[in-house]
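Structure record follows, encoded as structure tokens.
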Amino acid sequence: MKIARALIETVGNNQLESEMQDVFDELTSRKIPLELFINKKLQRRQVSLTGDTLVVAYVDSILTALKILGIEPPPTNDYPQSLQSFLHRQIWEMSLLAFTQQIFDGSSPIFAKPKDRKKRFTGRVFSHPEDTAHLNGISKKTILLCSEVVEWLSEYRVFVIRGDIAGIQHYSGDAELNLDNSVVNTAIDVLENADEATSAYAIDFGILSTGETALVEWNDGFSLGSYGLDKAIYTDLLITRWCELTGYET
């Protein structure tokens, strides 16, 4: 894989978040030309963007870059159909209007998050009517991904490049609790064989209070948290997925 240059998003004043800094350092060591940018300039098309330019950015900016390049953004797929048996909990879709009504009717606690990539609110557990204050200002037609509430004892992010595990990082809960690797490997094989996988992605697994290793969610590889993953591996993951998205594979 070869890229001619890279654009890296800043939060202003050329300040870089930790993941962006890691990629900046890694690409600098690889002698790849870099340019920092802010979202506003990309939206105004004041940043030079070509097919061989890697874009390292937050989701909104990645989607803007794809639009500029005339590329349809990939669909969201938090809970791949092929991996339903690995969830160990019920997942369903519901409009915000129906969800709100259910909470006010005294529903059991429900975990909910927006289905699309527009982070209108952070996924959370809704237990009481007052919790719906977090939904103020959001269209009642917004579709949510809902699930029954389970207890996670520990959570890990598994990074995958071309079907192979490239790294595993713990990010929540008890780090002394280990994933069942046979479950993780089987899930990845199932996903790959079902043609639901992308060239690079992260798949989060956790350990439930029952002791089972379960799928938390799947994450596309074009913009995601590294949780301290080795910066060379993280950079390779981003490049792999970006090249697939843009068709610039070598």
Take the conditions open to solvent by 30 Å² or more (accessible area, probe 1.4 Å), touching a Pro at 6+ places or on another chain (Cβ under 8 Å) and either assigned to a helix (DSSP H, G or I) or under 21 Å from GLY221 (Cα atoms) (or both) and apply them to LEU16. Does it pass? no
How many residues of the range 136-165 are more than 17 Å from ILE207 (Cβ to Cβ) and among the hydrophobic types (A, V, I, L, M, F, W, C)? The answer is 9
Would you confirm whether any residue within the range 141-154 is closer than 18 Å to LEU238 by Cα, touching a strand residue (DSSP E or B) at 6+ places or on another chain (Cβ under 9 Å), surrounded by 15 or more Cβ atoms within 10 Å (Cβ to Cβ) and not aromatic (Phe, Trp, Tyr)? no
Residue count for the range 33-47, restricted to those that are open to solvent by 30 Å² or more (accessible area, probe 1.4 Å) and in contact with a strand residue (DSSP E or B) (Cβ under 8 Å, 6 or more places away or on another chain): 6
From ILE161, ILE233, which residue is touching a helix residue (DSSP H, G or I) at 6+ places or on another chain (Cβ under 8 Å) and within 30 Å of LEU49 (Cβ to Cβ)? ILE161
Of all residues in the range 156-172, how many are under 29 Å from MET94 (Cα atoms) and surrounded by fewer than 18 Cβ atoms within 10 Å (Cβ to Cβ)? 2
Residue hits (the range 52-90; small (Gly, Ala, Ser) and exposed (fewer than 14 other Cβ atoms within 10 Å of the Cβ)) are GLY70, SER85
Residue check: is ALA166 of a type in the set (Gly, Ala, Ser), at pLDDT 95 or above and out of contact with any strand residue (DSSP E or B) (no Cβ under 8 Å at 6 or more places or on another chain)? no
Please go through the range 89-109 and pick out each residue that is in contact with a helix residue (DSSP H, G or I) (Cβ under 7 Å, 6 or more places away or on another chain) and among the hydrophobic types (A, V, I, L, M, F, W, C). LEU96, ILE103, PHE104
Any idea how many residues of the range 228-250 are surrounded by fewer than 20 Cβ atoms within 10 Å (Cβ to Cβ) and in a loop (DSSP other than H, G, I, E, B)? 6
Please work out if GLN101 is open to solvent by 60 Å² or more (accessible area, probe 1.4 Å) and touching a strand residue (DSSP E or B) at 6+ places or on another chain (Cβ under 9 Å). no
Within the range 173-218, which residues are assigned to a helix (DSSP H, G or I), buried (at least 18 other Cβ atoms within 10 Å of the Cβ) and not small (Gly, Ala, Ser)? VAL184, ILE188, LEU191
Extreme residue, least open to solvent (accessible area, probe 1.4 Å), among residues of the range 124-140 that are among the hydroxyl-bearing types (Ser, Thr, Tyr) and within 15 Å of MET94 (Cβ to Cβ): THR132
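The values are calculated or read from the model by the stated rules, or taken from the named source; none is laboratory data. Fair warning: this is a prediction, and the values are worked out from it, not measured in the lab. Ideal geometry is used to build each Cβ from the backbone, glycine not excepted, and the neighbour counts take in all protein chains shown. Remember, those area values only see protein heavy atoms, side chains included, never the ligands or the DNA or RNA. Shrake-Rupley method; radii C 1.70, N 1.55, O 1.52, S 1.80 Å.
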